[in-house]
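What follows is calculated from the coordinates using simple rules that are stated; it is not laboratory data. Computed from a prediction, not measured in an experiment: that's the story for all the values here. We place every Cβ from the backbone using ideal geometry, glycine too, and count neighbours over all the protein chains shown.
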Amino acid sequence: MAASVSCVIMAYNEEATLEAATRDVHDALAAFGDRAFEILIVDDGSRDRTPLIAAAMAARYPAVRVITHPVNRGPGSAQVTGFRQARNDILCYHPADQQVDFREVAACIPLLDDPADPVDLIIARRSGRPGYSLRRLVSSYGYILLAQVLFGLRRFKDFNFIYLYRRAILDGMRFETQSVFFTTEVLVKAVARDARVREVTLTCLPRTAGEATCGRPAVILRTFADMMSFWAKWQLRGRR
């Protein structure tokens, strides 16, 4: 039987897009036919109708579970919560803002358990950055450049978008950050474990509703602070 899949949908004040995001993920995973799957909607302390919509999705689809943060913890925290509670062999995530077509993500899932050329981790590069403000563009490219230098990730061109993981590469891995830096932390640790990594390109779509939070100054500052803090500890531990 094909490997089972857990998909985490991260949602913060996404009442306009959460229903469509959940439906898209469910339909794409159900289309495999031979893969067991679950969908974890992690509501990061939303103040709009997101919790009600999440509950309605769980009532509609037996594969959906809802996890709620009582207060907003910020970008990255929903991924950490979802991954800690995921049960299946392959882990992926989908932002409820619908800035990626989940059918493209689903098309990458078989690459993780291809017996001819299995990989542990898939990194998706953005096709572009539509709708990004100048501040977010500068912080995005600056973040990638700094991470490439600090952690020896120069062979990867873009690693702050979408990932898919074989659960085995995460087994025993302690998650130390809950900001946007979380995915880079996992990448650094996976590379240190000699993970087999493949890069693909996925279409980055413009946000059609809601408000982007990753471009907020407080979020940017926390992300860079977490990067530097992790780098210091990484050096002291001898890159383990």
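Evaluate the Kirkwood expression for the hydrodynamic radius of the chain, namely the inverse of the mean inverse distance over all pairs of different C-alpha atoms, and round to one decimal in Å.
Final number for the Kirkwood radius of the chain is 18.1 Å.
With charges only on Cβ, +1 for K and R and -1 for D and E, what is the dipole size of the chain about its Cα centre, in debye, rounded to 20?
For the chain, the charge dipole is close to 940 debye.
Can you name the helices of the chain, as whole DSSP H runs, whose Cα span along the helix axis is 24 Å or more and whose Kyte-Doolittle mean is not below 1.0?
Both cut-offs are met by 134-151.
Can you find, among M57, P118, C7, the residue sitting farthest towards the positive end of the charge dipole of the chain, where Lys and Arg contribute +1 and Asp and Glu -1 at Cβ?
Farthest along the dipole direction, towards plus: P118.
Once you keep just the Cα pairs under 8 angstrom separated by 6 or more residues, what percentage relative contact order results for the chain?
Reported relative contact order: 23 percent.
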